[in-house]
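The structure under discussion appears below in the form of structure tokens.
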Amino acid sequence: MKPIVTERLIIREFRPADLGEIYRILDVELKFIDSTKQDSSIGQRKKWLEWTIQSYEQNRLLLNPPFGDHAIVLKDSLQLIGVCGLVPVLAPLGLVPYYRYIADAKDSDQNYPEVGLFCAISSHYQCRGFAYEASMGMINMAFEKLKLRRVVAITHLYNNPSIAVLKRLGMKVETLPEHKWMQVVGIMENDAVSKQLGKQAG
Ligand SMILES: CC(C)(COP(=O)(O)OP(=O)(O)OC[C@H]1O[C@@H](n2cnc3c(N)ncnc32)[C@H](O)[C@@H]1OP(=O)(O)O)[C@@H](O)C(=O)NCCC(=O)NCCS
């Protein structure tokens, strides 16, 4: 993916030299793990980084969308401060009333494929609007270049900062408090695509 440049940030592909910094941010500071099968060792983070970097090339060769985590760096110092990316989502989104309506998804037992947004910011740089700015850059690219119909984000009910970012982005945010891992769903529709579809239909 070509770097995305925003007012204060550059979102670029990860490089092998980012290992120390990204290990410090994700595993030491944020203690971020995606599944119980993952540990917080530098060895595990190195494998993740190698896989992430290889996937850029393979996605390009296979003409896939630029899925995967990308580095968020400050424009002025080039300091790595976080991660942002688009990820494939397969989730029972029919449980979400707004999704049922906009995607005509009537079945709550089925999984629906969508493109999800992920973002994490070093604790030293949080609450300065960087997650909002990076996510907005990623969503703009997804809507303008990839022509995506919508972007979704899934988070936990306790993740108030994440929920605040989704709301500030203008996502429609719905909660499913009883669900194990899909308690909060943010949905952002591509208005340009919606208008185009409306014109074709009308
Ligand atoms: C979620 C996360 C990416 C936000 O990063 P950030 O750069 O601090 O985000 P921003 O500065 O753009 O916005 C933070 C928002 O959270 C709000 N916030 C911060 N702490 C909060 C809290 N404890 N309770 C409620 N809101 C809070 C801020 O007020 C701000 O909202 P506002 O813009 O409406 O004022 C960051 O907290 C993080 O990396 N968390 C760990 C990883 C994670 O959970 N990622 C999301 C996975 S879906």
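Any idea what the dipole of region 4-201 comes to, in debye rounded to 20, about its Cα centre with Lys/Arg Cβ at +1 and Asp/Glu Cβ at -1?
300
Going through region 21-57, which chymotrypsin sites (Phe, Trp or Tyr not before Pro) have at most 16 other Cβ atoms within 10 Å and a DSSP loop state?
In loop regions of region 21-57 (DSSP not H, G, I, E or B), the sparsely surrounded chymotrypsin sites (Phe, Trp or Tyr not before Pro) are 32.
Just want the answer: with Cβ charges of +1 for Lys and Arg and -1 for Asp and Glu, which residue in 44, 95, 137 is farthest toward the dipole's positive end in the chain?
137
Principal axes first, then extents: for the Cα atoms of the chain, list largest minus smallest coordinate on each axis, whole Å, largest first.
Answer, in whole Å and largest first: 52, 36, 35 Å.
Give the longest segment of the chain that steers clear of GluC sites (Glu not before Pro) in DSSP loops with at most 13 neighbouring Cβ atoms within 10 Å, not counting the sites themselves.
Longest run free of exposed loop sites: 8-177.
Give the separation of the Cα centroids, region 1-52 to region 110-128, in Å.
So the separation of the two Cα centres works out to 13 Å.
For region 45-126, what is the charge dipole size about the Cα centre, in debye to the nearest 20, if Lys and Arg each add +1 at the Cβ and Asp and Glu each add -1 at the Cβ?
Magnitude of the dipole: close to 220 debye.
Note down the Stokes-Einstein diffusion coefficient of region 84-202 in µm²/s, whole number, using a Kirkwood radius over alpha carbon pairs, 10 °C, and 1.306 mPa s.
Answer from the Stokes-Einstein relation: 106 µm²/s.
Given the C-alpha atoms of region 8-50, compute the convex hull and give its volume per residue in Å³.
Spread over its residues, the Cα hull of region 8-50 gives 90 Å³ apiece.
Once you've got the Cα coordinates, tell me which of 106/180; 46/167; 47/106; 145/167; 31/147 are over 31 Å apart.
The pairs that break the limit, which is 31 Å between Cα atoms, are 46/167; 47/106; 31/147.
Which whole-number value in Å² is the accessible area per residue of region 44-202, probe 1.4 Å?
That works out to 55 Å² per residue.
Considering only protein heavy atoms and a probe of 1.4 Å, how much of the accessible area of region 15-111 is carbon and sulfur, as a whole percent?
Here it works out to 56 percent.
Based on DSSP loop calls and a cut-off of at most 12 other Cβ atoms within 10 Å, the longest stretch of the chain free of exposed trypsin sites (Lys or Arg not before Pro) is what?
After excluding every exposed loop site, the longest remaining stretch is 38-74.
If you take every DSSP beta bridge fully contained in region 4-201, what fraction is antiparallel? Give it as a percent rounded to 5.
Counting only bridges with both partners in region 4-201, antiparallel ones make up about 95 percent.
Accessible area of residue 1, 1.4 Å probe, to the nearest 10 Å²?
40
The values are calculated or read from the model by the stated rules, or taken from the named source; none is laboratory data. What you see is a predicted model; the values in this text were computed from it and never measured. For neighbour counting, all protein chains shown are included, and Cβ atoms are generated from backbone atoms with ideal geometry for every residue, glycine included. Heads up: the accessible areas ignore ligands, DNA and RNA and are worked out on the full protein's heavy atoms, side chains in. Shrake-Rupley method; radii C 1.70, N 1.55, O 1.52, S 1.80 Å.
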